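Chemist: If you scroll down you'll find the structure; I have some questions about it.
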Amino acid sequence: MIAFIALYREAFIWLRRDKIFGPILMAGVVISLFANIASNWTIEEFSRILFDVGIAGFRITGGLIAILWGSRMIHDAIAERSLDPRLASPISRNTWYLARYCALATVLFIMGLAYFLAWQVIMHLNGQGLTSHIQNWAFGMLFFEWLILAALSMLLATLSGFGMSLFSTTALWIIGIFAPLVAASKDIQLDPLQAVVINLFSSIWNFHRFNILDDLAISGQNILQYDDLVSRLLWIISLLATLLVAGTWRFTERDLN
Amino acid sequence: MTQQILLQIDSISKTFRPEVFQPPVKSLQSLTIDFTDGECTGLVGHNGAGKTTTIRMILGLISPDKGSIKFRGQPLSKTSRSSIGYLAESVKFPSGLTCREILTTHISLFRIKGNKERKELIQETLEKVGLQAFADRKAKSMSKGMQQRLAWAQATIHEPDLLVLDEPFSGLDPVGRMNMKNWILSEKRRGLTIILCTHELPQITSLCDNIHILRQGKLVYSSSKNNRGGTFEIKNLPRYFLDISGPDAKELSQFKDLKNLPQWTSQHSEGFLLRLGFSDYHSAASWLSPCLQMGWVIVRFGDDNSATEEQLLTYFKEEFSQ
């Protein structure tokens, strides 16, 4: 446990002192402010625009930084060989990998919390009060999307280089957002093979499941059903576990030459 | 008293496939080396000879396709890695971390218990390498020499039994080299087993008790220092030299064939002199009379056991050019 904490702490300090940490933290807050301005410009419902723009900004900023850091954390350590003295010590590679992931998750959580607090300030300044219970859950679910993307980019970085990991994770993220839309569309004609692929993606890699506010708006409900929430959380946990197990397995098996 | 084998490399082989459509590259082929407890062993070879692959296998960073590596008779494990210290070729530290933070992380991995003990050990080690004033400075912002000091501190802070040094003199200025050499010597005196992988011949001859020469993943020569003058005994290594003034290399070659004289082991020119090296006395001596008959001047003839470095250099030049 001492080894895990030491490696976790090292990775956390590395991320916290990374040059892009400050700017990206500010970027999220600036997007929240922009969402506020944009919602004041429109003639539509204020909070709808605020949430549409703000959630998109929250999602994209956090998702991109999760992918970037996830890929860099593995790639830089291997390329610069700064992990060699660490792995030449009496620890398992799983410990190193999971400590890095946990450090990344912590930094993402801090960022998410900063965005969330900025959001509260905007809501309050516009006389909307604080976010509701369901809106809090919405932010929480989007944070899980960041965690999935971070785990995926780390896995892909163990399989390939930095660029490939960055590109592949982003591509899979876009597929996760668009595949369910294509599958649900009645206007798009698919041949049988395409239909199988699209349906497979939309069932196990459906990134719309992270955006509960969108689903609630479509269904006309304003309360998230308990069963639905549990089902989504179980899906997230199994996805996360699969990606982390695959990542640690691949990292343990590969040669670090 | 017989010395024990600390690390045993037994018939290890490794093949890498650099790109999907490229043919596989044999990095190591049935390599067998024993490392004796308390001795300093040099691993020598040209780039791509398999030195770094061997080192990375010892550290568990690369798995062999075939063969085994044993530490104190047991297969390599997490426990054996706690007795190994490692200094990498090009030292890179995680950015943003200070010297103290890097060492704190490192010793925490070696289960050195007690916060107070850890702090004391770090302070002591930083003083030993002269970095106490830079303890809270970010490692990445320090000079190459200072980073090398930190790397040395990291490699030795947990008092390992085996120290693996991959090109420790690379990129260091003369003062840095001297420091590094003194540190290695002091660990050697303490009885530490050292594996030294370097191109620096003066360091090999002065620090190592044994050398192993690798070429294309194979062990081509091994040698231990003999008792006489502390030189390495290498088969075919030029030990007797004949410096001739007069002929050029082509003329000399034709002369050798004409007179049916023994083949030299090494040959190189120094100004107007041609230096021929021979591994045995009789081959060298048989050239004397024919050369004098031709009117060529024998500037120097004799054995050269003390010039180990020069001999190795000559040998390596020929080995590496193949």
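A short reminder: the numbers here are calculations on the coordinates, not readings from a lab. On a predicted model such as this, the values are computed, not experimentally measured, just so you know. Cβ coordinates were reconstructed from backbone atoms using ideal geometry, including for glycine residues, and neighbour counts include every protein chain displayed.
Chemist: Distance in nm between label sites at B:GLU270 and B:LEU288, each 7 Å beyond Cα in the beta-carbon direction?
Modeler: 2.0 nm
Chemist: Right, here's the next one. Around A:ILE110, what is the net charge, scoring Lys/Arg as +1 and Asp/Glu as -1 over all other residues with Cβ under 14 Å from its Cβ?
Modeler: Spelling it out: positives minus negatives among the neighbours equals +1.
Chemist: Sticking with this one: About the Cα centre of the stretch A:2-253, how large is the charge dipole given +1 on each Lys and Arg Cβ and -1 on each Asp and Glu Cβ? Please answer in debye to the nearest 20.
Modeler: With only Lys, Arg, Asp and Glu charged at Cβ, the dipole is about 760 debye.
Chemist: Where the centre of each part is set by its Cα atoms, how far does the stretch A:189-205 sit from the stretch A:36-103, in angstrom?
Modeler: So the two Cα centres are separated by 28 Å.
Chemist: Taking R0 as 51 Å, what's the FRET efficiency between A:LEU130 and A:MET1 from their Cβ-Cβ distance, rounded to 0.05?
Modeler: Calculated transfer efficiency: 0.85.
Chemist: Quick check: net charge around B:ASP209, other residues with Cβ under 11 Å of its Cβ, Lys/Arg +1 and Asp/Glu -1?
Modeler: +1
Chemist: Also: How many angstrom lie between the Cα centre of the stretch B:11-77 and the Cα centre of the stretch A:132-152?
Modeler: 46 Å
Chemist: Residues with beta-carbon under 13 Å from that of B:THR32, excluding B:THR32: net charge, scoring Lys, Arg +1 and Asp, Glu -1?
Modeler: With Lys, Arg at +1 and Asp, Glu at -1, the net is +1.
Chemist: List the residues, sorted by chain then number, that are 5 or more residues from B:SER27 or on another chain and whose placed amide H is less than 5 Å from its amide H.
Modeler: Under 5 Å from the amide H of B:SER27 lie the amide H atoms of B:LYS14, B:THR15, B:PHE16, each far enough along the sequence or on another chain.
Chemist: For the stretch A:2-253, just say rounded, prolate or oblate: build the C-alpha gyration tensor, square-root its eigenvalues into a ≥ b ≥ c, call rounded for a/c under 1.5, and beyond that prolate if a/b exceeds b/c, oblate if not.
Modeler: Oblate, since a/c reaches 1.5 and b/c is not below a/b.
Chemist: What FRET efficiency, computed as 1/(1 + (r/R0)^6) with R0 = 25 Å and r the Cβ-Cβ distance, is obtained for B:THR79 and A:ASN257, rounded to the nearest 0.05?
Modeler: Between B:THR79 and A:ASN257 the formula returns 0.55.
Chemist: Quote to one decimal, in nm, the extra length available between A:ILE110 and A:SER203 on full extension: 0.36 nm per residue of separation minus the C-alpha distance between them.
Modeler: That works out to 30.4 nm of additional length.
Chemist: Tell me the label-point distance for the pair B:SER63, B:VAL220, using the 7 Å Cα-to-Cβ offset, in nm and rounded to one decimal.
Modeler: 3.2 nm
Chemist: Let me ask something else about it. Please grab the % of Cα pairs in the protein assembly as shown that end up more than 39 Å from each other.
Modeler: Summing the P(r) of the protein assembly as shown above 39 Å gives 47 percent of all pairs.
Chemist: As a test of the formula, what do you get for the protein assembly as shown when each DSSP H run with n ≥ 4 contributes -39,500 (n - 2.57) and the sum is divided by the residue count, at 222 nm and rounded to the nearest 500 deg cm²/dmol?
Modeler: -17500 deg cm²/dmol
Chemist: Separate question: For the pair B:SER253 and B:LEU185, what calculated FRET efficiency results from E = 1/(1 + (r/R0)^6), where r is the Cβ-Cβ distance and R0 = 45 Å, to the nearest 0.05?
Modeler: Between B:LEU185 and B:SER253 the formula returns 0.55.
Chemist: Please state the charge dipole magnitude for the protein assembly as shown, taken about the Cα centre, from unit charges on C-beta atoms (+1 on K and R, -1 on D and E), reported in debye and rounded to the nearest 20.
Modeler: Taking the Cα centre of the protein assembly as shown as origin, the dipole is about 880 debye.
Chemist: By Kyte-Doolittle mean hydropathy of at least 0.5 and Cα axial length of at least 24 Å, which whole DSSP H helices of chain A are selected?
Modeler: Helix filter hits for chain A: A:21-41, A:46-79, A:93-125, A:133-159, A:162-184, A:226-253.
Chemist: For a label point 7 angstrom out from the Cα of B:ASP10 toward its Cβ, which stretches of the stretch B:60-84 have the backbone nitrogen within less than 20 Å?
Modeler: Under cut-off, by backbone N: B:60-81.
Chemist: As a footprinting exposure proxy, order B:LEU165, B:LEU59, A:LEU64 by other Cβ within 10 Å, with the fewest listed first.
Modeler: Neighbour counts put them in this order, fewest first: A:LEU64, B:LEU59, B:LEU165.
Chemist: If you don't mind, another one. Regarding the stretch A:1-146, what whole-number volume in Å³ per residue does the convex hull of its Cα atoms give?
Modeler: Dividing the Cα hull volume of the stretch A:1-146 by its residues yields 110 Å³.
Chemist: Over 20 Å between C-alpha atoms is what I'm after, so list which of B:LYS92/B:LYS138; A:LYS19/B:LYS92; B:LYS66/B:LYS92; B:LYS144/B:LYS181; B:LYS188/B:LYS225 land there.
Modeler: B:LYS66/B:LYS92
Chemist: Taking Cα centroids, how far is the stretch B:94-165 from the stretch A:226-252 in Å?
Modeler: Each part reduced to its Cα centre gives a spacing of 38 Å.
Chemist: Over chain B, what is the mean sequence separation of C-alpha contacts under 8 Å (at least six apart), divided by residue count, expressed as relative contact order in percent?
Modeler: In percent, rounded to a whole number, it is 19.
Chemist: May I have the pair-distance distribution P(r) for chain B, computed from all Cα-Cα distances with 10 Å bins from 0 and rounded to whole percent?
Modeler: 5, 22, 26, 22, 14, 7, 3, 0, 0
Chemist: Within the protein assembly as shown, what percent of beta bridges assigned by DSSP are antiparallel, to the nearest 5?
Modeler: Roughly 70 percent of the DSSP beta bridges within the protein assembly as shown come out antiparallel.
Chemist: Using a 10 angstrom cutoff on alpha carbons, build the Gaussian network for chain B and name the most mobile of B:SER283, B:SER13, B:SER170.
Modeler: Highest fluctuation of the listed residues: B:SER283.
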